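See structure below.
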Protein chains: 2
Amino acid sequence: MTLIPPATDIARLDLPRPYLLFLGDVTEAGYAKTAFGLRDWAREQCVGELSFANAISIGLPQLTPAEAKARGARSMVIGVANVGGRILDTWVPSLLEALVAGLDIVSGMHSRLATTPALAAAAERYHRRLIDVRTPPRDIPIASGRKRSGKRLLAVGTDCALGKKYTALAIARAFQQRGIDSDFRATGQTGIMIAGRGMPMDAVVADFEAGAAEMLSPAAEPDHWDVIEGQGSLFHPAYAGVSLGLLHGSQPDVIVVCHQPGRTHMLGHAQFELPSIEETIDLNLTLGRRTNPGIRCAGVSLNTSQLSASDAQQLIAQESKRLRLPVADPIRGGVEFERLVDACLETR
Amino acid sequence: MTLIPPATDIARLDLPRPYLLFLGDVTEAGYAKTAFGLRDWAREQCVGELSFANAISIGLPQLTPAEAKARGARSMVIGVANVGGRILDTWVPSLLEALVAGLDIVSGMHSRLATTPALAAAAERYHRRLIDVRTPPRDIPIASGRKRSGKRLLAVGTDCALGKKYTALAIARAFQQRGIDSDFRATGQTGIMIAGRGMPMDAVVADFEAGAAEMLSPAAEPDHWDVIEGQGSLFHPAYAGVSLGLLHGSQPDVIVVCHQPGRTHMLGHAQFELPSIEETIDLNLTLGRRTNPGIRCAGVSLNTSQLSASDAQQLIAQESKRLRLPVADPIRGGVEFERLVDACLETR
């Protein structure tokens with residue numbers, strides 16, 4: 001069995017693409033975020049989907065592993081999550097079928113693929129790889145704190161799970177459309193699958209957190225931009241340490257603060273009120289100055305997916321006036337988003 | 001071989017004590033901090049030392065493993081560190097001798113004991129344990145952020161390695177001398193060996209950092225105090241995430257800020273100026289309020305080991321006046337330290 005070698009190098013090696021997306025028996029879209037993310041942001045890397053009868057579809061061609069292989073797929077991605085973060089017995093036959101068909105398996109689940117004995121045995125027999133993208137490289141250094149060349153943008157948030165990944169992806173796409181030399185730098189499992197590489201920041205040992213962020217976003221050409229996916233929130237009672245290590249190690253020149261209007265309390269920690277956007281800007285700038293004194297906030301990204309188009313438009317205008325900053329919903333785009341992108345690129 | 005079992009439970013199970021302290025071939029006191037710490041803070045748990053000819057001594061009886069076993073020792077502690085954090089070939093014969101004599105081995109080094117094949121084989125043959133105190137338990141929860149009963153004090157710092165552990169130990173000792181129900185809560189390898197239990201905070205996966213601090217210091221009687229060893233500094237470019245997770249999870253009612261007069265730049269990161277004591281108080285209170293709105297700073301602990309007694313006395317008086325807070329060197333003690341302890345216990 002070739003487990004992806006010395007824990008290595010998710011940060012450097014490409015994942016085997018294109019993918020077949022495995023949806024299994026999932027019936028709620030909320031559990032298929034990875035599959036939707038891949039469809040929306042790496043469509044050209046997805047040859048099709050494999051879902052059981054009665055499960056949801058994300059609208060790609062339904063393919064068996066053998067059919068996907070014939071269309072060029074190199075791996076099957078587990079595109080769903082469940083509460084326990086583990087491989088279900090009902091999935092195993094499909095995963096085995098993929099290995100037999102010549103596909104590697106890519107997982108972002110908490111439990112490692114090789115802990116399912118049938119998968120470990122089949123991977124060895126068929127010389128396939130079981131790739132856990134939550135496994136960080138083993139050779140992460142302690143952060144040096146030294147300023148690196150190149151420019152960096154970090155999406156930060158008032159809370160978890162409100163649009164930091166989509167904001168970073170949209171900004172990275174806009175940069176590329178403008179011909180700017182740039183990379184999206186993924187920090188979570190879905191982002192890593194979309195980018196084909198990255199650093200699972202929440203799985204890194206705490207002492208190496210800032211070092212992992214330095215490794216993820218190495219020194220680059222002076223005009224190169226890294227657009228870095230954020231994690232957690234400095235205000236989150238469980239994950240703030242992850243956010244601070246990522247902020248320190250990323251040394252961002254620019255932050256964009258992400259927020260979901262209407263969210264009043266921290267996700268999963270309802271006794272904690274959400275901080276205001278202004279508090280979130282201030283704290284990120286205060287702490288971020290430690291490793292980049294030039295850090296600035298370019299603007300605010302609002303996730304208005306729960307509002308009508310006209311309500312969203314109105315709120316974006318209000319908030320931009322109130323905060324005196326560019327405000328946009330990157331998914332809605334429009335001139336507001338172009339102004340936010342302009343502000344990110346502004347030179348001082 | 002009985003590696004210390006699942007979930008290791010360093011946090012809950014006692015290490016096998018008393019100890020024989022292994023000093024090996026170390027010739028500089030700076031590399032024997034663990035041994036000195038054990039001698040100074042857990043003298044009753046140390047039956048003797050084992051050091052090679054020409055190595056330093058910490059002034060305990062020189063004993064072979066067999067002699068130590070006869071005097072009641074249950075384990076041999078590797079009381080020294082080296083730059084690579086690994087077991088040296090020259091140490092292996094003594095470690096094997098300890099296993100043969102019936103002692104377990106306790107290590108705080110980065111590399112695990114069982115990765116030395118001769119030790120793994122001997123531990124299995126002689127039914128001894130190889131205990132790596134840097135290995136965190138496996139069942140650490142995500143932090144809940146819920147307020148726990150009991151009182152908590154956290155030693156925080158302007159930097160790493162300037163007296164947070166000694167400050168917490170001295171305060172815990174003073175609490176016990178006053179008859180206050182309290183526990184010293186260790187967060188690093190030396191502290192864990194001194195207390196016989198604890199949580200290696202820098203070795204915990206980042207997502208679980210605050211959860212590990214919650215686990216280390218569980219709900220207790222309303223009048224019980226946990227005195228928690230700090231780690232790193234919120235201003236440290238590599239370790240701030242560790243410090244923030246520990247601060248959030250500890251939910252301290254009281255912080256004591258530790259500083260070494262004369263230190264102007266961060267240890268090992270000379271391009272970073274040290275923050276002032278006031279900045280350190282402010283940032284810890286600002287961030288600590290997130291999980292305990294009642295957090296307050298009781299005072300300042302100065303490590304004056306590099307000053308004369310009279311210079312130390314003068315500086316302590318000056319700083320106390322300037323900061324309008326109790327200031328003391330816990331190692332020097334005196335009325336200043338008693339005042340600092342009073343301030344920790346003050347009820348509001």
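The values are calculated or read from the model by the stated rules, or taken from the named source; none is laboratory data. Source: prediction; values computed, not measured. Reconstructed Cβ throughout: ideal geometry from the backbone, glycine too, with neighbour counts over all protein chains shown.
The figures follow:
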read-out	value
Meets criteria (assigned by TED's automatic domain parsing to the domain that holds A:Leu340, free of Cβ contacts under 8 Å to residues at least 60 places away in the same chain and surrounded by fewer than 24 Cβ atoms within 10 Å (Cβ to Cβ)) for A:Asp223	no
Complete set of residues in region A:202-211 that are within 7 Å of chain B (Cβ to nearest Cβ) and either farther than 12 Å from A:Leu246 by Cβ or part of a helix (DSSP H, G or I) (or both)	A:Asp202, A:Ala203, A:Val205, A:Ala206, A:Asp207, A:Glu209, A:Ala210, A:Gly211
Pair list, Cβ < 6 Å and 6+ apart or interchain, from region B:127-140 residues that are buried (at least 20 other Cβ atoms within 10 Å of the Cβ) to residues that are aliphatic (A, V, I, L, M) and part of a strand (DSSP E or B)	B:Leu130/B:Ile105; B:Ile131/B:Val106
Selection within region B:298-321 - among the charged types (D, E, K, R) and surrounded by 14 or more Cβ atoms within 10 Å (Cβ to Cβ)	B:Glu319
Only one of B:Glu346, B:Glu278, B:Glu336 that is among the charged types (D, E, K, R) and closer than 20 Å to A:Arg290 by Cα	B:Glu278
Breaking point among (1) more than 14 Å from chain B (Cβ to nearest Cβ); (2) more than 23 Å from A:Gly211 (Cα to Cα); (3) touching a residue at least 40 places away in the same chain (Cβ under 8 Å), for A:Ser310	(3)
Filter result for the condition that a residue is crowded, with 20+ Cβ neighbours inside 10 Å, modelled with pLDDT under 95, not in a loop (DSSP other than H, G, I, E, B) and not assigned by TED's automatic domain parsing to the domain that holds A:Tyr166, over A:Ala68, A:Ala32	A:Ala32
Close pairs (9 angstrom Cβ cut-off, 6 or more residues apart or separate chains): assigned to a strand (DSSP E or B) and among the aromatic types (Phe, Trp, Tyr) in region A:71-85, surrounded by fewer than 21 Cβ atoms within 10 Å (Cβ to Cβ) and at pLDDT 95 or above anywhere	none
Of all residues in region A:214-257 being among the acidic types (Asp, Glu) and outside any loop (DSSP other than H, G, I, E, B), the one that is nearest to the other protein chains (Cβ to nearest Cβ)	A:Glu214
Scope region B:66-86; condition of a type in the set (Val, Ile, Thr) and touching a strand residue (DSSP E or B) at 6+ places or on another chain (Cβ under 8 Å); matching residues	B:Val77, B:Ile78, B:Val80
Candidate set: region B:35-60, residues that are of a type outside the set (A, V, I, L, M) and in a strand (DSSP E or B); chosen: the one modelled with the lowest pLDDT	B:Ser51
Members of region A:1-29 found to be modelled with pLDDT of 90 or more, closer than 30 Å to A:Met215 by Cα and either surrounded by 22 or more Cβ atoms within 10 Å (Cβ to Cβ) or of a type outside the set (Lys, Arg) (or both), listed by number	A:Leu15, A:Pro16, A:Pro18, A:Tyr19, A:Leu20, A:Leu21
In region A:175-220, residue surrounded by the most Cβ atoms within 10 Å (Cβ to Cβ) [restricted to those that are polar (S, T, N, Q) and closer than 23 Å to A:His110 by Cβ]	A:Thr187
Hits in region A:115-126 - residues which are under 30 Å from the mean Cα position of the chain (by Cα) and exposed (fewer than 15 other Cβ atoms within 10 Å of the Cβ)	A:Thr115, A:Pro117, A:Ala118
Number of positions in region B:270-305 that are of a type in the set (D, E, K, R), in contact with a Phe, Trp or Tyr (Cβ under 8 Å, 6 or more places away or on another chain) and away from chain A (no Cβ under 12 Å)	0
Qualifying residue in region A:322-331 (condition: surrounded by fewer than 24 Cβ atoms within 10 Å (Cβ to Cβ) and not in a loop (DSSP other than H, G, I, E, B))	yes
Of residues in region A:258-269 being more than 10 Å from chain B (Cβ to nearest Cβ) and not in a loop (DSSP other than H, G, I, E, B), the one surrounded by the fewest Cβ atoms within 10 Å (Cβ to Cβ)	A:His265
Failed condition for B:Val300, given (1) closer than 22 Å to B:Pro330 by Cα; (2) without any contact (Cβ under 8 Å) to a residue 12 or more places away in the chain	(2)
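Residues checked against (1) more than 17 Å from B:Gly145 (Cβ to Cβ); (2) among the aliphatic types (A, V, I, L, M); (3) touching a Leu at 6+ places or on another chain (Cβ under 9 Å):
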| residue | (1), (2), (3) |
| --- | --- |
| B:His259 | yes, no, yes |
| B:Thr264 | yes, no, yes |
| B:Ala270 | yes, yes, no |
| B:Glu273 | yes, no, no |
| B:Asn284 | yes, no, yes |
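Results for (1) within 21 Å of the chain's Cα centre (by Cα); (2) modelled with pLDDT of 95 or more; (3) within 25 Å of B:Thr187 (Cβ to Cβ), shown as yes or no for each residue.
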| site | (1), (2), (3) |
| --- | --- |
| B:Leu244 | yes, yes, yes |
| B:Leu247 | yes, yes, yes |
| B:Pro293 | no, yes, yes |
| B:Asn303 | yes, yes, yes |
| B:Asp311 | no, yes, no |
| B:Leu315 | no, yes, no |
| B:Arg332 | yes, yes, yes |
